[in-house]
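Okay, structure first, notes after.
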Amino acid sequence: MRREDATDQIKLSLASYLESQGINTSRNFRCLSVDHQDDHPSMSYKAVGNNGYPFVHCFACGATFDTISLIANDYGLTPYSRENFERAYSLFGLEVDGYDGKNSPVIPIKRVPQERKIPEPEEIGIYDFSEGIEAAHKAMLTNRVARQHFAARHYSADVVMRYKLGYIEKGHNELLNQIPDKHRCKSWKANLYQFIYPIIDENGKATYFMSEINDRDQCDDYNPKYRKINELPAPLFNERYIKKDTPPVIFITEGIPDALSVESVNGKAIALTGVGYNRLIELVNHYKPNTTLVLALDNDNRGKKMTEKLIEELDGIGCRYILGGPTFKKDFNEELIADPKRFVESVKKTIVDALIAPSPIRKEKETMAKNVTFRQIKSDEPKPETPQQAPHFKDKSKQMLVDMYLDSLKKDELPWQCGWKKLGAQRNMETGRKYRGMNALLLSFISEIRGYSDNRWMTFKQISDYREKNGITGPYFKNDAKGQSVPITYYGVKFYDPETKKYDKAITFEKAKELIESGEKKKEDMRIAVLGTYCMFNCSIVNGIEPPLALQQAPIEPSEYITAIINGMGVNYEEKGDRAYYRSRTDTVVLPPSSMFTSKQSYYATQLHELSHSTGHPTRLNRPLGNEFGSEAYALEELNAEIASSFLCADLGLEEVAHEFEETPGAALNHAAYVQNWIQVLENNPEALFKAISTAQKIEEYCFKVANIDPEKIRGTDPEEEPEVEDDIEVG
């Protein structure tokens, strides 16, 4: 055997050598250094080091050994001397070119590949850093440098919020105060490690964290790019994916930034966080998750060697996997930064490959005390259908809007910004009436998604009447209209009749108001009811309808409208600092100077957003303000203002509704910081969306009323009466 091959095999066999000495590699053990009298287990086994080989390290005295140097330590030899190598070859019973091997033992130590008993995974999570992590996360949201740092890595706003990435001005050590013997845990130059990556368990607790250096020029052997808490057992990042709610495809990466890169493009990822693959193997062997792992370790020699060992282990326990690592850069985060579009397509393709790839035939073997193996899915076997969650609403319009809002928010998009930029407010083609509230948002959203070039809509009956009136023949639609209709619902009221003990037929709100004012009906006998559901078609897909005329320009600048709203409400208004907010205590709207905004539209949109908040003052619409950040009430008030701002922007003729004023890649974090709160609120309480829409409509109407503005005149149209319920609707 060549010397190089023998040395490589011995280095890879460190676990075998330790086990021959009666050492359990799955937990810490006493230091093996002859210079360290270790009273407490302080040495641990690491499966893969920087050079790709396993090693042992003592966190108390700093001693580190691979197999060769550990043999030298045990036998009092000079590390890596000829005598050291001869002793190693003899212990492992290897016949090596140039060595006679006369000292070879009768029963040599077992060599790799080795069969090993996989221990049960240990429970991790002694400490709860949640309070400190929450404070660091809030500090990040208000610190421009921190936002720029994470934005430069191209993490999505949803990922930044969901994983509570943080910033600590004084550095890493500030989170370690609750750990016993904290002086031992403290790091040199800890002030350099300001950017925090929490690890949150399946119960929502931050049980561990890693930190990133803020100055790469300071990196050296003692100050690496990332620092973790060596004194505490480290979990995997997102190991909850193995324990419960397992996704069908999971990427396995080396570092947390690579896992966050996958999560930023809607994938699911686990990071090994520097603890090697042993814990991953233990978890997979114990929980037997029904998933396909995508092995995506770094594209370097160390990553390739670790991948080879991981494949060997996964084959042994029968787990489904495919290879899908970085292809054009060293790791996933570098790929996301270098070419986001290419990275997104690569991740999508890998997910598809993982879903359709047949499982390889693997040897099933007994592990631990249980003979439990993975169920292998044959390539010709139909995949079990995933049960779909029952819809929350019977109203198709409501359910469609909630589903699209949640989908959009999870993609880091703000759905209420869709549809306003080019088309303006959505209208009925026949009546010219502008759609309001839920229907306005739904039709705008659909227009954006399907790429419609028209803001006018018609029912099938209206299309038929239009064709007959104008003598149009041929196909109704420019292409297959199947699936192109959009259900919208009109609401009205019903009155209870004490004589018949039944509710009358539903009527419009306007007619109900007249009946109440005339004394014919009582308000307490009224309840909300569905007038009917229309199936609407966009005019851009209807044959024979002329394109819409260009929208008429507003007779005055938006700034004049907004000034009129400010004066009409009597709210205090200031421009100073670098934050936009409304302070209810002093009834003051504060914005940065207009010069800090990227465009006039952004400036106007931010004004309208903060003015929408100010309508909640007790002297106006009297909504609860001053709620705690992160609460449902806080998220709902932000949703009120966001949607109201979009309504106002649409009616004032603004071309866009962005709110940003910082010229940095991380500017989106300012107003997207609430995205995760909105997702949680809408998933837990879908009705909250329609409460927010109703509130936003009231905000818009109030603003126009106090400013004496008629939005219909801005567009050059006159309001129409609500159309009667037509024959082709489904009456609710």
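Descriptive notes on the structure:
- Here r is the Cβ-Cβ distance between Asp407 and Glu632 and R0 is 25 Å; the resulting FRET efficiency, rounded to 0.05, is 0.75.
- Prolate/oblate/rounded label for region 3-91 (Cα gyration tensor, a/c 1.5): prolate
- Chain lengthening between Arg3 and Thr473 when straightened (0.36 nm per residue, less Cα-Cα): 160.5 nm
- Using a Förster distance of 60 Å, the FRET efficiency for Glu499-Ala135 (Cβ separation, nearest 0.05): 0.40
- Relative contact order computed over region 3-91 (Cα-Cα under 8 Å; 6+ residues apart), in percent: 22
- Annotation: amide H of Thr588 within the under-5 Å range of Arg583, sequence separation 5 or more or interchain, hydrogens built in the peptide plane.
- For region 65-77, the Karplus equation 6.51 cos²θ - 1.76 cosθ + 1.60, evaluated at θ = phi - 60°, returns couplings of 9, 9, 4, 5, 5, 5, 4, 4, 4, 6, 10, x, 9 Hz by residue, with Gly and Pro reported as x.
- For Tyr167, nonlocal amide neighbours, meaning residues 5 or more places apart or on other chains whose placed amide H falls under 5 Å from its own, are His137, Ala139, Met140, Ile196.
- Karplus-derived 3J(HN,Hα), 6.51/-1.76/1.60, for each residue of region 541-548, Hz, glycine and proline x: 9, 9, 6, x, 9, 5, x, x
- Residues whose amide H comes within less than 5 Å of that of Val96, counting only those at least five positions distant or on another chain, are absent (H built at 1.01 Å from N in the peptide plane).
- When Glu632, Glu312, Glu282, Glu517 are sorted by how many other C-beta atoms sit within 10 angstrom of their C-beta, beginning with the fewest, the order is Glu517, Glu312, Glu632, Glu282.
- 3J(HN,Hα) couplings calculated from phi for region 685-690 with the Karplus curve 6.51 cos²θ - 1.76 cosθ + 1.60 (θ = phi - 60°) are, in sequence order, 9, x, 4, 4, 4, 6 Hz; Gly and Pro show x.
- Tail beyond 27 Å, pair distance distribution of region 130-356 (Cα, percent): 32
- Stretching the chain fully between Glu83 and Gln680 yields a gain of 208.5 nm (0.36 nm per residue, less the alpha carbon separation).
- Remark: C-alpha extents of region 225-334 on the principal axes read 34, 33, 28 Å, sorted largest to smallest.
- Estimated from the Cβ-Cβ distance and a Förster radius of 22 angstrom, the FRET efficiency linking Glu169 and Lys205 is about 0.35.
Each reported figure results from applying straightforward, stated rules to the coordinates on display, with no laboratory input. Just so it is clear, the structure is predicted and the values come from calculations on it, not from any experiment. No Cβ is skipped: glycine too gets one built from the backbone with ideal geometry, and neighbour counts run over all protein chains shown.
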